[in-house]
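One structure below.
The values are calculated or read from the model by the stated rules, or taken from the named source; none is laboratory data. What you see is a predicted model; the values in this text were computed from it and never measured. Because the Cβ atoms are built from the backbone with ideal geometry, glycine has one as well, and the counts that use them run over all protein chains shown. SASA here: full protein model, heavy atoms, side chains in, ligands and nucleic acids out. Shrake-Rupley method; radii C 1.70, N 1.55, O 1.52, S 1.80 Å.
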Amino acid sequence: MLKPLKSKVEEKYQELYETVGSVIDKWGNSRDNLIAILLNVQSKSSRNFVSKEAMLVVSEIMGISAQEVYEVATFYHAIATEPRGRFLVQLCQGTSCTVNKAVNVKDALEAEIGIKIGSTTPDGMFTFEYTPCFGACDVSPAMRLNGKVVGNLTQEKIKQIIIECREVAENE
Amino acid sequence: MSKTVSVISKNFYSVNPDSIDEYIATGGFEGLKKAVSMKPEKIINILDRSDLQGRGGAAFSVAKKWTHALRVPAPVKGVMCNADEGEPGTFKDRALLEHNPFGVIEGMIIGAYVGGGSQMNRARIYIREEYSYLHDRMRNAIRQAEERGFLGKNILGSGLNMEMNVVSGAGAYVCGESSALLESTEGKAGRPRIKPPRLNNVGLYNLPTLLNNVESYSIVPILVRDDSEYRSYGTHRSIGTKMISVSGKVNKPGVYEIPFGITIKEVVYDIAGGLNSDRLLKFVQIGGASGAIVPASQIDTPISYEGLAEIGVAVGSGAIVVADESNSMLDYFESLAHFFAHESCGKCTPCREGNRQLVRIVELMKSGNATSADFKRLSGILKHMKGSSFCGLGKTEPAPFLSAIKHFEDEIKGYFK
Ligand code: SF4
Ligand code: FES
């Protein structure tokens, strides 16, 4: 890993520097790996996002201006620059899911998680948002839970899934 | 009798997609072996004979594209596979990557043989983030192909050199647009480039680049090996088969391979098992989010380039979303408007602002406060987007809205006071 001499960023965010550095080492320090690196850095954050500090570190190690890193990070929907919940619940708003009444699923999820779509629970446990079609239309209505597809959603299934999430969190 | 066929999908569920040996045992890489013994022009002739058209949606002649690639002189070239399908309702490339990864790779290598340079050609498969569970499958397939000498230096003694990588998208529909796809592959924000220069001259890393869709590449090895079966299907103006994805209110949603020329009705009722409700079919949307809305009265139309063109519809990505009488046009508009507003890259005004206004008008319709002046605005915005957007996203987006207004005029006007 290439480090600038006497880096202020490294001094300030030592731990982050290590983590991000190892991600960059894994992918290789080249511009075309920037998106993969940001996704990977995000997956290591407990709140599912890439912080400003992390972007600074990426910028310094990769030698890409901070503005450019920020531009890329904010352009792509799969990369978040604000903290998200421990569980990211993304309900599809695509056409297939719409005709199969994703709106009922939305109501059920709001009731179960206890927040309106588009927000995060105060305890940081869940973020619930709409997402465009992710190609699971054959099992619509569908959602992604931390990136994993869950399809053929029913009220019963939703209840079960949210209970399981809470159990997982409790055992952590 | 089953109305589906299996030429491109021949390996589905019968060949282990993680094993190159199984792929080879069923004739895999025979197409490539034959290809490297032929002159590139001969291969292009085969594609031309089947009139293969780009299967991502644009339907541009593959033979023409490859001829161009062959003619551009350069020692190193780019070879790209667009696996970023993001049209709502479309998931046929997912099935091809999942069940026939080696077929995609083989098609790309033949592409490089025909249109590549003499030195280390750079091949990239750009797969959307939403399919991240398939990235490793593709990487594994590439590794096995390298081990067998189908990738790397001097492939099968042909003098062709090629290295191949998987690149992940990060959730941006516009990256399916070819120049945006390249920007993204290079690690930048995926905004479409100004053209010219065209990508076949200045593409990936400024190299001349051959870019095709997953399905187009998958068909190539089959045609090169022996195109007789493929050519026995279809109509005389739409030769062969098409991978389609059917979803919505049907009993058996899924990915199917159909011969060109069967009707929408046959797909909905005979292949996808009919409607999953006791309501009547209301409309289908063909070709993805930017595809046209086809009312129930037109479902006897054959699915072929010429058949659909007669009712002003394009084959597009091959998606068919089915809606019944319980689905309102308003809900459908809402889904479309939000999708495009979310996905517009913001580079040009007609699309960026047009989408913002579309969402507002749909919201007014929902709240019952839309007026006839809003209807006029809606029509005006759609016209401008179609005529003056910078890239295909904004240009094609009006199609479903305009066709819906045409076929469901009363219902839609009913949402405006
Ligand atoms: S039409 Fe314009 S704003 Fe819309 S995606 Fe294309 S370039 Fe971006
Ligand atoms: S429309 Fe919801 S997953 Fe495709």
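Below are the figures for this structure:
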quantity	calculated
Over 21 Å (Cα to Cα) - which of B:Lys65/B:Lys386; B:Lys252/B:Lys282; B:Lys92/B:Lys249; B:Lys77/B:Lys195; B:Lys249/B:Lys366 fall in this group	B:Lys65/B:Lys386; B:Lys249/B:Lys366
Shielding score for B:247-254, defined as the mean number of other chain Cβ atoms within 10 Å	5
Spin-label model distance (nm) - A:Asp123 vs A:Arg31, 7 Å beyond Cα toward Cβ	4.6 nm
Where the protein assembly as shown is the region considered: accessible area per residue in Å², 1.4 Å probe	40 Å²
In degrees, nearest ten, helix B:62-71 long axis to first principal axis of chain B (Cα)	50 degrees
Label point distance in nm, A:Ile163-A:Lys8, each placed 7 Å from Cα along Cα→Cβ	5.4 nm
Net lengthening on full extension, B:Lys265/B:Asp21 (0.36 nm per residue, minus Cα-Cα)	83.9 nm
Protein accessible area in the stretch A:9-75, 1.4 Å probe - carbon and sulfur %	47 percent
Fraction of beta bridges assigned by DSSP in chain B that are antiparallel (%, nearest 5)	45 percent
For chain B: rounded, prolate or oblate by the Cα gyration tensor [a/c cutoff 1.5]	prolate
Gain on full stretching of the segment that runs from A:Asn171 to A:Ser45 - 0.36 nm per residue minus C-alpha separation	43.5 nm
Solvent accessible area, Å² - B:Lys42, 1.4 Å probe, full protein context	110 Å²
For chain A, calculated [θ]222 nm from helices alone, where every DSSP H run of n ≥ 4 adds -39500 (n - 2.57)	-14500 deg cm²/dmol
Cα centre as origin, Lys/Arg/Asp/Glu Cβ charges: chain B dipole, Debye	1300 debye
Global geometry of the stretch A:9-75, whether rounded, prolate or oblate, following the gyration tensor of its Cα atoms and the 1.5 cut on a/c	rounded
Area of A:Phe49 that stays accessible when all protein chains are in place (1.4 Å probe, Å², to 10)	40 Å²
Gain upon complete extension [B:Glu229, B:Ser132; 0.36 nm per residue less C-alpha separation]	31.6 nm
List of the stretch B:317-336 residues, accessible area with partners at least 30 Å² below that of the chain alone (1.4 Å probe)	B:Asn327, B:Tyr332, B:Ser335
Accessible-area composition of the stretch B:1-146, carbon plus sulfur, in percent [1.4 Å probe]	50 percent
Chains A and B, summed buried accessible surface - 1.4 Å probe, Å², nearest 100	3000 Å²
Estimated 222 nm signal from helices in chain B, with DSSP H stretches of n ≥ 4 weighted -39500 (n - 2.57), rounded to 500	-12000 deg cm²/dmol
FRET efficiency, 1/(1 + (r/R0)^6) with R0 56 Å, evaluated for B:Tyr13 and B:Leu330 via beta carbons	0.90
Neighbour cut-off at most 13 other Cβ (10 Å), DSSP loop, trypsin sites (Lys or Arg not before Pro), the stretch B:249-353	B:Arg279
Accessible surface of B:Val284 - all protein chains present, 1.4 Å probe, nearest 10 Å²	0 Å²
Rounded to 10°, Cα long-axis angle of helix B:372-388 versus longest principal axis of chain B	20 degrees
With every protein chain in place, the stretch B:322-385: carbon and sulfur % of accessible area (1.4 Å)	52 percent
Within the stretch B:20-231: Cβ-based charge dipole about Cα centre, in debye rounded to nearest 20 (Lys, Arg +1; Asp, Glu -1)	800 debye
Sequence-distant lysines (8 or more away, or on other chains) whose Cα lies within less than 28 Å of A:Lys52	A:Lys3, A:Lys6, A:Lys8, A:Lys12, A:Lys26, A:Lys44, A:Lys116, A:Lys148, B:Lys188, B:Lys347
At 0.692 mPa s and 37 °C, Stokes diffusion of the protein assembly as shown via Kirkwood alpha-carbon radius, µm² per second	132 µm²/s
Shielding by partners, peptide A:122-133 (average Cβ within 10 angstrom, other chains)	3
Inter-probe distance in nm under a simple model that places probes 7 Å from Cα toward Cβ, at B:Phe60 and B:Ser6	3.4 nm
Heavy-atom accessible area ranking, 1.4 Å probe, most first, across B:His338, B:His384	B:His384, B:His338
Isolated Cys in the protein assembly as shown, by beta carbon distance under 4.7 Å	A:Cys133, A:Cys137, A:Cys165, B:Cys81, B:Cys175, B:Cys345, B:Cys348, B:Cys351, B:Cys391
Angle between chain A longest axis and helix A:66-75 axis [Cα atoms, degrees, rounded to 10]	10 degrees
Reachable aspartates and glutamates, given that their alpha-carbon falls under 18 Å from the alpha-carbon of B:Lys34 and they are not under 8 places away in the same chain	B:Asp48, B:Glu106, B:Asp226, B:Asp227, B:Glu229
